[in-house]
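Engineer: I am attaching a structure below and will ask some questions about it afterwards.
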Amino acid sequence: MNFQLTEEQQLIEQSAHDFAKEYLDPITGQLDHTVEFPMAVVKELANHDFLGLHLPIEVGGAGAGFVSYVAVIEGLSRSCAAVASIMNNQAMASYAIQHWGSEVQKKQYVQALVKGETIGAFAIYEHGPTPGIGPDALVATKSDGGYALKGTKAYVRNAGVAAVYVVFAVTDPADPKSLTAFVVDAGVKGLRVGEALTTMGLKGCPVADVIFDNVTVPDTAVLGAVKSGGDVAARVLALASVAEAAQTVGIGQAAVEHAAVYAKQRVQFGKPVATLQPVQTLLAEAATDCYLARLGLRSTAQLVEDGKPFETEAAMVKSFLARLGSKILIDTCQVEGGMGYSETMPLPRLFRDIAGTTLLDAPADFPDYAIAASIA
Amino acid sequence: MSILTTEQQEIKQAAREFVAKHIIPNAAEYDRKGDFHSFLLEAAKESKIFTMAIPKKYGGLGYDALTQVVVAEEWGYGCGGMGTTLAAGVLGMDSVLLVGNDEQKQRYFEAIVNGGLSAFALTEPGAGSDAAAVRTTAVRSGDDYVLNGTKCFITNGGYASVYVILAKTDPSKGVKGISAFIVEKGRAGFTVGATDHKLGIRSSNTVELLLKDVHIPASNLLGKEGDGMKIAMMTLDLGRQLIAALAVGIAQRALDECVKYLQQRFPGKMQPGQTLQFKLADMQIQVQAARETLHHTARVRDSGAPFSKESAMAKAVCGDVAMAVTSQAVSLMGSYGYTSAIAKAMRDAKIMQVYEGTNQIQRLVIARAVLSPAPAAGAGQKKAA
Amino acid sequence: MPKCLVCYKWTLDEKDIKIKPGDLSLDTSRAKGKISDFDRNAIEEATLIQEQHGGAVHALTYGTSAVKQSLKDVLSRGPETVYWIVDNSAETADACVTANVLAAAIRKLGPYDLIICGEGSSDLFNQQTAARLGALLGLPCVTYVEKLSVDGDTVKATRKLADCTEVATVKGPVVVSVLGTINKPRIPSLKQVLGAAKKPNKEIKIADLGLNAEALQSKAVHKSVKGFVAKRKNIVYKEPNAAANVGKLTSSLAAEGVR
């Protein structure tokens, strides 16, 4: 059992750190203010092979494994989690198309996504309780040679900038299990992106509704088999949840390190506050949570790489961080006291960012259901 | 629920209406812009809400502690930022209430009854949790004191007309060398410095105060020279209750918004599953337990018994509950939570664990009380950290 | 089409080193290795030259067994192959020994048109390797190089010296040592990182270099390395005016022996 990254994984992780220092550190504070999509940085991600990290070499990817992927996401998130979100959502789209797409779909989209020429998005959520149910549910009505899509997808990351959407719609409004995945060009007639939402953090990764007003797509737009959208979504979201956990840990680690440095130089009561036990407890618990979560998510990533079932472990990691993720920032902000509340320091941005990576975004049952079901 | 008298219920209802009219419709916009809500001062003046701690004989509303926290909870429910302005406006004059002589009370309270805002200035760049490390000086010079120094993170500092400022009158004496002074806006050399842009309570005004050779009459000294820290601690014991009340309001609001959202998202027969229901139940338990702790604290104060430990407990538990409940709410409300007003509640809640004494300082106060024997009867207020 | 050799050192990353509070000795237990900073610039410079002029880039290192961790890192940055010499003598090697070993290896591997070193290593910064290699190999040596260009068999080097900038041109094989300002090493792309595994690395056994015991015996011996921790005296001068304060400050400094 080896808990260390391999030499290659370490080099990849180092590349991510170096990239973050070079390209993300200079823009991260500004991005939080201007909230402008950082296209130049996304192009650099492509140049350094990050956008195709997880995809096969034949399609222009780097052919690296999932452990490397989460190490990169964590490394980038230490500096700018918004960019990591953009990369992750891009990867969800490119992975889905590579995995389930027809030769035509793969040829049309995958390389362009890898090169950063096209931005991709993954449109699964809706305003109703679960995709396919609710007044605005996206329904794909069969027509001659294709489908007509009508409804709204909610909280789509990369919306508006994306040129291609992987979209999920029910072909039968009475049957949520008829969920089907489609690959849709952003420019099709009837597709409209709603107003960009103001997010608490992760600013720079756009979030908006995508409205489908009788958008016509051909049969060839179906991704995978009709009615197999549930499987596609489940797998991609399970992978994404591990990646999001890496974001959480990256943000948390950055906060722990910043707070530790602050505490060593902030003098109160005649000594650095880092010497005070309550501060030590706050730092220690936050550091411990990051360390253990990292182990959990890397171990889960290894299962993915080994082709083994991993959904339970992914749910565990997600559930753990849903409980503790924000606590890491609540406590590290606490270490910095009044300064930890001032937006002149990075901690407030990290506080706002981390909350966006631990959202449960799930129907009533939560990961606990999946975990318990697998134990019993 | 704490059993309130009819009068208290009416006051609570009036506060609720004030908040619904003035605070709730404007909270999001002022938070987004980070602008100070000057309009609120007019509305507050009209309703006399600032004067709720000022005794009736000085023209104030003279509410007891329990009534005050019931009102302040409504403010917090509306908006942590606007609530902070109002609460700080009340506690800014607590020092005068506690130790001011009659002339000082008349003068100071009149300013507030006329709609002026107050501010309490203890914190400095080098004196945060280590409040005794105050370096602002106050040197006696004839019939005046001359003040020099810098204060930071002062709520209402840019808009107050009267301030209570802690300064060192005797550098050789450590904590016992600190004194408390009333300083009026407009004194030569007294200026407002940089404004801090914050994670939350963004519409609350948080500034540096700069004192350069500020002359104030000796009659502005509160109590005696050297009483400063004692006065500050007594003031904080009162202020902590109001802040705790804001925190309860923020937490209750988060819970209510979360319930509303989930009911709408899972309409009719699609009830949220029991996991979700139990999380809501836990949030309810936390909010109620925090509120009851606070109400007990207020009752202890109203009874005349010492209440430092109780204030610390209330502030610690209410602040922590606000943080826990708001972050749980954001998590449960998913992407909607992340892009809506509930995110503001989470940002606002964070400061409840920090200002008015960090929750670590509160625990120091509580631990000391837990570990030391009970005081003899009639010993008066205990010294806080 | 120059054939370049870059000599590099695998050092400890100083940011991971902690100073033990008691005796100020160094705790290197958590220190990761890294390519010495200026050597990274050397590798980058060789790679840039190859991208422009063709030819080849090899890398060479001499160290303890830790250097094996450096191989993929180096190969991900441009060189097509890396030669490595592992020997315990590296633990205490002074500049003389280091140059002896490298020169012997270069004689075996060479000839090279251009041998590039970092101006000094991140840990010891002796600044002697390049000059000694030049002497041992009978080649010209140009140090403090902050700009390098190749034109056929001529190398033009700009030297950044303390009080001036000097340009030197050298015809034929040359050893240079480069400053950190010569270039900004690019971050290896993932394909380069993953491709490193496919490039060859080759061990050179020290026994095959024909060096006698004396050549491997360090004359300069490090007795100990201690950290330095600044101690704040927190003395405040509170004289009525600035001039008086300055007077007090200078008296205090003189009393401490500062001239």
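Read-outs throughout are calculated quantities, based only on the coordinates presented, and are distinct from any laboratory measurement. The shown structure was predicted, so the numbers you read here are calculated from the model rather than taken from an experiment. Virtual Cβ from ideal backbone geometry, glycine too; neighbours counted across all protein chains shown.
Engineer: Mind checking A:44-50 for the average number of partner chain beta-carbons within 10 Å of each residue's beta-carbon?
Structural biologist: Mean shielding count: 3.
Engineer: According to the Kirkwood expression over distinct Cα-Cα pairs, how big is the hydrodynamic radius of chain A, in Å? Mind dumping the intermediate values first?
Structural biologist: Values: mean 1/r = 0.0471 Å⁻¹.
It is 21.2 Å.
Engineer: What residues from the range B:127-166 fall in the zone where the backbone N is under 11 Å from a label point 7 Å along the Cα-to-C-beta line of B:Ala218?
Structural biologist: B:140-145
Engineer: Shifting gears a bit: Mind putting a number on the dipole of the protein assembly as shown about its Cα centre? Charges go on the C-beta only, +1 for Lys and Arg and -1 for Asp and Glu, and I need it in Debye to the nearest 20.
Structural biologist: 1820 debye
Engineer: Which value does Rg/Rh take for the protein assembly as shown over its C-alpha atoms, Rh per Kirkwood? Intermediate values should be presented prior to the final figure.
Structural biologist: Details: Rg = 33.7 Å, Rh = 32.5 Å.
Dividing the radius of gyration by the Kirkwood radius yields 1.04.
Engineer: Expressed in nm², what is the orientationally averaged projection area of the convex hull enclosing the Cα positions of chain B?
Structural biologist: 19.6 nm²
Engineer: In degrees from 0 to 90, rounded to the nearest 10, what is the angle of the helix C:242-255 Cα long axis to the longest principal axis of chain C?
Structural biologist: Helix C:242-255 and the main axis of chain C meet at about 70 degrees.
Engineer: Which of C:Tyr62, C:Tyr83, C:Tyr237 ends up with the largest GNM mean-square fluctuation for chain C, with Cα atoms connected below 10 Å?
Structural biologist: C:Tyr237
Engineer: Counting pairs of alpha carbon atoms under 8 Å apart in space and at least six apart in sequence, what relative contact order in percent does chain B give?
Structural biologist: Taking the mean separation of contacting Cα pairs over the length of chain B, I get 17 percent.
Engineer: Let me ask another. Order by neighbour count: B:His37, C:His53, fewest other Cβ atoms within 10 Å first, most last.
Structural biologist: Values: B:His37 24, C:His53 15.
Least crowded to most crowded, the residues run C:His53, B:His37.
Engineer: If you filter the range C:142-191 for trypsin sites (Lys or Arg not before Pro), then keep DSSP loop positions with at most 16 other Cβ within 10 Å, what is left? Could you put the intermediate results ahead of the total?
Structural biologist: Numbers: sites: C:Lys147, C:Lys156, C:Arg159, C:Lys160, C:Lys171, C:Arg186, C:Lys191; in loops: C:Arg186.
Listed in order of number, the matching sites are C:Arg186.
Engineer: Here is a follow-up. Above 26 angstrom, tally the Cα pairs of the range A:230-375 and express them as a % of all pairs, no decimals.
Structural biologist: Considering the range A:230-375, 32 percent of its Cα-Cα pairs are separated by more than 26 Å.
Engineer: Follow-up. To test your reading of the geometry: what angle, between 0 and 90 degrees and rounded to tens, separates the Cα axis of helix B:274-303 from the longest principal axis of chain B?
Structural biologist: 30 degrees
Engineer: Specify the residue with the greatest mean-square fluctuation among C:Val101, C:Val178, C:Val236, computed from a Gaussian network of chain C linking alpha-carbon atoms under 10 Å apart.
Structural biologist: Sorting by GNM fluctuation, first place goes to C:Val236.
Engineer: Starting from the Cα-Cα distance between C:Ile17 and C:Lys198, subtract it from 0.36 nm times their residue separation and give me the gain in nm to one decimal.
Structural biologist: Numbers: separation 181, 0.36 × 181 = 65.16 nm, distance 3.26 nm.
Between C:Ile17 and C:Lys198, full extension yields 61.9 nm more.
Engineer: Taking 7 Å along the Cα-to-C-beta vector as the label spot, tell me the C:Asn88-C:Thr169 distance in nanometres, rounded to one decimal.
Structural biologist: The modelled label-to-label distance comes out at 5.2 nm.
Engineer: Can you tell me the Rg and the Dmax, both Å, for the Cα atoms in the range C:74-177?
Structural biologist: Looking at the range C:74-177, its Cα Rg and Dmax stand at 14.3, 41 Å.
Engineer: Right, next: What is the average number of partner chain Cβ atoms found within 10 Å of a Cβ in A:130-141?
Structural biologist: For peptide A:130-141, the averaged partner shielding equals 1.
Engineer: log10 I(q)/I(0), Debye, Cα-only the range A:1-155, no solvent, q = 0.21 Å⁻¹?
Structural biologist: Cα-only, vacuum Debye calculation for the range A:1-155: -1.27.
Engineer: Follow-up question, since we're still on this one. Can you give the FRET efficiency to the nearest 0.05 for B:Val175 and A:Asp18, using r as the Cβ-Cβ distance and R₀ = 56 Å? Don't skip to the end; give the middle numbers.
Structural biologist: On the way: r = 50 Å, r/R0 = 0.89.
In this case the efficiency is close to 0.65.
Engineer: Return the inverse of the average 1/r over all pairs of distinct C-alpha atoms in the range A:120-227, which is the Kirkwood hydrodynamic radius, in Å to one decimal.
Structural biologist: This gives a value of 13.6 Å.
Engineer: Which of the lysines could a cross-linker span from C:Lys199 if the Cα-Cα distance has to be under 21 Å and same-chain partners fewer than 8 positions apart are dropped?
Structural biologist: C:Lys3, C:Lys9, C:Lys34, C:Lys68, C:Lys72, C:Lys108, C:Lys191
Engineer: Now a separate question. Between C:Ala56 and C:Ala242, what is 0.36 nm times their sequence separation minus the Cα-Cα distance? Round to one decimal in nm.
Structural biologist: Difference between extended and current length: 60.6 nm.
Engineer: Within the protein assembly as shown, what percent of beta bridges assigned by DSSP are antiparallel, to the nearest 5?
Structural biologist: 70 percent
Engineer: For the protein assembly as shown, what is the mean residue ellipticity at 222 nm derived from helices alone (per DSSP H run of n ≥ 4: -39500 (n - 2.57); sum divided by total residues; nearest 500 deg cm²/dmol)?
Structural biologist: -14500 deg cm²/dmol
Engineer: Run the numbers for B:Lys260 and B:Leu371: contour at 0.36 nm per residue of separation, minus the present Cα-Cα distance, in nm.
Structural biologist: Working: separation 111, 0.36 × 111 = 39.96 nm, distance 4.37 nm.
Full extension of this stretch gives 35.6 nm more.
Engineer: Starting from the alpha-carbon convex hull of the range C:3-216, give the projected area averaged over all orientations, in nm².
Structural biologist: 13.0 nm²
Engineer: Give the order of C:Glu80, A:Glu257 when sorted by the count of other beta carbons within 10 angstrom, beginning with the fewest.
Structural biologist: Arranged by neighbour count, lowest to highest, C:Glu80, A:Glu257 become C:Glu80, A:Glu257.
Engineer: Here's another thing I want to ask about it. Note the angle between two axes, namely the Cα long axis of helix C:37-53 and the longest principal axis of the Cα atoms of chain C, as a number of degrees from 0 to 90, rounded to the nearest 10.
Structural biologist: That works out to roughly 40 degrees.
Engineer: Peptides A:86-95, C:209-218: what's the order by average Cβ count within 10 Å, highest mean first?
Structural biologist: So the order, starting with the most tightly packed, is A:86-95, C:209-218.
Engineer: Let me ask another. Taking the Cβ of each residue in C:Asp39, B:Asp144 as the centre, tally the other Cβ atoms inside 10 Å and list the residues starting with the fewest.
Structural biologist: Going from sparsest to densest Cβ surroundings: B:Asp144, C:Asp39.
Engineer: In chain A, which helices (entire DSSP H runs) extend 30 Å or more along their own long axis, judged by Cα positions, while averaging at least 0.5 on the Kyte-Doolittle scale?
Structural biologist: Helices meeting the span and hydropathy rule in chain A are A:229-265.
Engineer: Can you list the aspartates and glutamates whose alpha carbon sits under 13 Å from that of C:Lys18, skipping same-chain ones fewer than 8 residues off?
Structural biologist: C:Asp27
Engineer: Still on this structure, I have one more. Along the charge dipole of the range B:236-371, Cβ charges K/R +1 and D/E -1, which of B:Thr297, B:Ala343, B:Ala245 sits furthest on the positive end?
Structural biologist: B:Ala343
Engineer: At 7 Å along Cα-to-Cβ for each site, give me the label-to-label distance between C:Val221 and C:Lys160 in nm.
Structural biologist: The answer from the label model is 3.8 nm.
Engineer: Still on this structure: What aspartates and glutamates could a cross-link reach from A:Lys318, if we take a straight Cα to Cα line under 18 Å and drop same-chain neighbours fewer than 8 places away?
Structural biologist: Partners within reach: A:Glu74, A:Glu244, A:Asp289, A:Asp353, A:Asp361, A:Asp365, A:Asp368.
Engineer: Would you be so kind as to identify which of C:Ala103, C:Phe228, C:Ser89 lies farthest towards the positive end of the dipole of chain C, taking Lys and Arg as +1 and Asp and Glu as -1 on Cβ and the Cα centre as origin?
Structural biologist: Result: C:Phe228, furthest along the dipole toward the positive end.
Engineer: Let me confirm one metric for peptide B:149-158, namely the mean number of other chain beta-carbon atoms within 10 Å of its residues' beta-carbons.
Structural biologist: 1
Engineer: Same structure, new question: Which whole-number percent gives the relative contact order of chain C, counting Cα pairs below 8 Å spaced six or more residues apart? Kindly include the intermediate steps, with their values, before the conclusion.
Structural biologist: On the way: 502 pairs, mean separation 59.2, N = 259.
That works out to 23 percent.
Engineer: Do any GluC sites (Glu not before Pro) in the range A:84-137 lie in a loop, going by DSSP, with at most 13 other beta-carbon atoms within 10 Å of their beta carbon, and if so which? Display every interim value, and only then the final one.
Structural biologist: Numbers: sites: A:Glu103, A:Glu117, A:Glu126; in loops: A:Glu117, A:Glu126.
Qualifying residues, ordered by number: A:Glu117.
Engineer: Determine, from the Cβ-Cβ distance of B:Thr191 and B:Ala43 and an R0 of 41 Å, the FRET efficiency 1/(1 + (r/R0)^6), rounded to the nearest 0.05.
Structural biologist: 0.90
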